[in-house]
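Worksheet: the structure to be examined is printed underneath.
Every number in this text was worked out from the coordinates using simple rules, so none of it is lab data. Remember, predicted model here, so these are calculated numbers, not experimental data. Cβ placement follows ideal geometry from the backbone for every residue including glycine, while neighbour counts extend to all protein chains displayed.
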Amino acid sequence: MTVHHLNEVLLVCSLVLLVAVAAVRISSRSGLPSLLVYLGIGILMGQDGIGNIHFNNAEMTQVIGYAALVVILAEGGLSTKWKEIKPALPAASALALGGVAVSVGVTATAAHYLVGLEWRQALIIGAVVSSTDAAAVFSVLRKIPLPARVTGTLEAESGFNDAPVVILVVAFSTAGPVEHWYALLGEIALELAIGAAIGLAVGWLGAWSLRHVALPASGLYPIAVMAIAVMAYAAGSLAHGSGFLGVYLASMALGNAKLPHWPATRGFAEGVGWIAQIGMFVLLGLLVSPHELGDDVWPALVIGLVLTMVARPLSVVLCLTPFRVPWQEQTLMSWAGLRGAVPIILATIPMVNGVDGSRRIFNIVFVLVIVYTLVQGPTLPWLARKLRLGEDSEAADLGIESAPLERLRGHLLSVDIPEESKMHGVEVNELRLPAGAAVTLVVREGKSFVPLPTTVLRRGDELLVVATDPVRDAAEKRLRAVGHGGKLAGWLGANGTDGTRGAGGAGRAGGAGGVR
C-alpha cells in the first residue's frame, strides 16, 4: 500500500464514520437499532451497491468480528452496574444457559422439519440465532426506564449467553458429529469456569493496581482499562476457556471498582465501542451478496417466526417462572430477544470451516436478523408501555471522578450541585464529612473562594473536596446522602448507599450533587 492508497482509505473510512454517526440520530428517532443502518452502508458499498467493492473473505470477517465483539463486550461490562444485575443474576444465568438450550433445540427442530435443512445445518442455525444482543435491545429501550429486574436480567443474559453459544457453534461446525452430548456439556462448563475465573482475577487485579498507582496523565487510565479487558479475553482463550465471558466479567469488575478518572474512561470505552460496531456491521454488509438472498427469505421467515413466537417465549417461561417473575416482565423479555451482531458473526464460523451449505446458513441468518429486528425493534417501546413497565421515571446514576494524590495518600473529589438539589441551602459544616475529609474550595459563578464552616452552598456550585484514602468512600457516601436528603439525611434514612438515588440523580424528590 502506498501513501496515496492510504489517503484514499482514510478518506473513505472518515466519510463512513461520519455517515454512521449521523445515522445514529435517525435510528434514535425511528426506534430502529443503528445496526441496520450500518449494515445498509456496507451493502451500498458492496458488489451489488454503488461502491461495487468485491469482498468475500469470511475468515477476515470472522477475525475482525471477534476483535470487535471483544471491544463491545468490554464496553458493555464497564457500563454494567453490579447493584442492578445482582438481584437478577440467578434468573439471568438460567436464561443464558437453559434458555440457549431450549432455543437451540426448538429452532433446530423447526429448521430441519419445516425448512428441510440437514440436522447439522439446523443445529448450527439454532445455535447461531440463540444469542441475544444487548446493544440492539437497549438502543430502542434507552428512552423508557424499566424495572431494574428487567434491565438487569436482559443485560446479564446478553453478556453471559455469548460464551456458550460460541462453544456450540464451533462444536457443530467442526468435522464429525457430536457423539456424546454429555461430553459437550462438560466441555462447555469447563470453558465457562476457566473463563470466569480468569476474567474475575484479571479484573480484580487490574482494578486494584489502577486504584493504587497514580499514572502521570489522566488519558492513560482509559487505555489501561481497555488493555486489561482485552488481556482477560486473550488469557482466557489461550487457557482453553471462554474468552468472551472473561472479558465481560473483567470489564464488569473494573466498571464497579470506582477507578480514577472514570468519566473519561467511560467515554473512551463508549467511543471505541461505537467504532467497533460501525466497522463490524459495515464489514458484514460488504460480505453479504443481496442478489443471492432471494431463495433464503422464506426459510429465514419461517425459522425466525418459530424462534420469536415459540422458542424464545418457551425458554423465558421455563427459566424465569421458578423465580416468580411476573408475566408482564416475562412477556417483555420474550419479545426483547433481539438478534444483532453476534449471530451474523457466528454465521461466518461454518463458512471458514467449510461446512456444506454454509453460505446458505449465513444468508438465512442475515435475513432473519434484518427482518425480525425491523419487526421487534420499533414495537418494543409500545409493548413496554402497554404492559405498564415503562411509566415511572428513575433517577440517573452518579457520575464520579476521583484523582488520586499518591504522595499525599488522598483523593480530590469534585462535586457539582445541579438544579433542585437538596444540597442547596446546606452549610458546609452541616455536611458532617468524616474526619480526614474537608471542602477546600467552592467555585460559584466563575469565581472561586475558600469556604467558611458557615458558608451556605447553592445550586450551581462546584466543590472541591479533599479526602484521605481511608475515608474516601465514606466521604462520597455522605455527599450522596446529603444530596438526596439534605441536612437531615442521617435521620431521614438517606444514607447514600443507593447510587440511583444519590448525588448525581434528579428523581421525584429532587436531585443532588454530582461527585466526580
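Spin-label model, residue 220 to residue 291: label points 7 Å out along the Cα-to-beta-carbon direction sit 5.5 nm apart. To the nearest ten degrees, helix 181-212 and the longest principal axis of the Cα atoms of the chain are 30 degrees apart.
Residue exposure proxy: 72, 194, ordered by other Cβ atoms within 10 angstrom of their Cβ from fewest to most, comes out as 194, 72. Considering helices alone, the calculated mean residue ellipticity of the chain at 222 nm is -19500 deg cm²/dmol, with DSSP H runs of length four and up weighted by -39500 (n - 2.57) and normalised per residue.
Modelled this way, with points 7 Å down the Cα-to-C-beta line, the labels at residue 464 and residue 113 are 7.2 nm from one another. On the beta carbon distance between residue 2 and residue 429, with R0 = 51 Å, the FRET formula returns roughly 0.15. Against the longest alpha carbon principal axis of the chain, how many degrees, from 0 to 90 and to the nearest 10, is the axis of helix 89-113 turned? On a 0 to 90 degree scale, this one is about 20.
Taking 0.36 nm per residue of sequence separation and removing the Cα-Cα distance, the residue 227/residue 444 pair yields an extension gain of 74.3 nm. Given their separation in residues at 0.36 nm each and the Cα-Cα distance between them, residue 184 and residue 47 gain 45.3 nm when the chain is fully extended.
Could you list 248, 38, 233, 182 so that the one with the fewest beta carbons within 10 Å of its beta carbon is first and the one with the most is last? If you can, show how the numbers build up before the last one.
On the way: 248 32, 38 26, 233 29, 182 7.
Sorted ascending by nearby Cβ count, the order is 182, 38, 233, 248.
Against the chain, whose longest principal axis is taken from its Cα atoms, helix 119-128 shows a tilt of about 20°. Computed over the chain, relative contact order equals 18 percent, with contacts defined as Cα pairs under 8 Å that lie 6+ residues apart.
Remark: spin-label model distance residue 67-residue 452 equals 6.2 nm, labels positioned 7 Å along the Cα→Cβ axis.
Take the alpha carbon atoms of the stretch 248-306, find their center, do the same for the stretch 188-219, and report the distance between the two centers in whole angstrom. The distance from the Cα centre of the stretch 248-306 to that of the stretch 188-219 comes to 23 Å.
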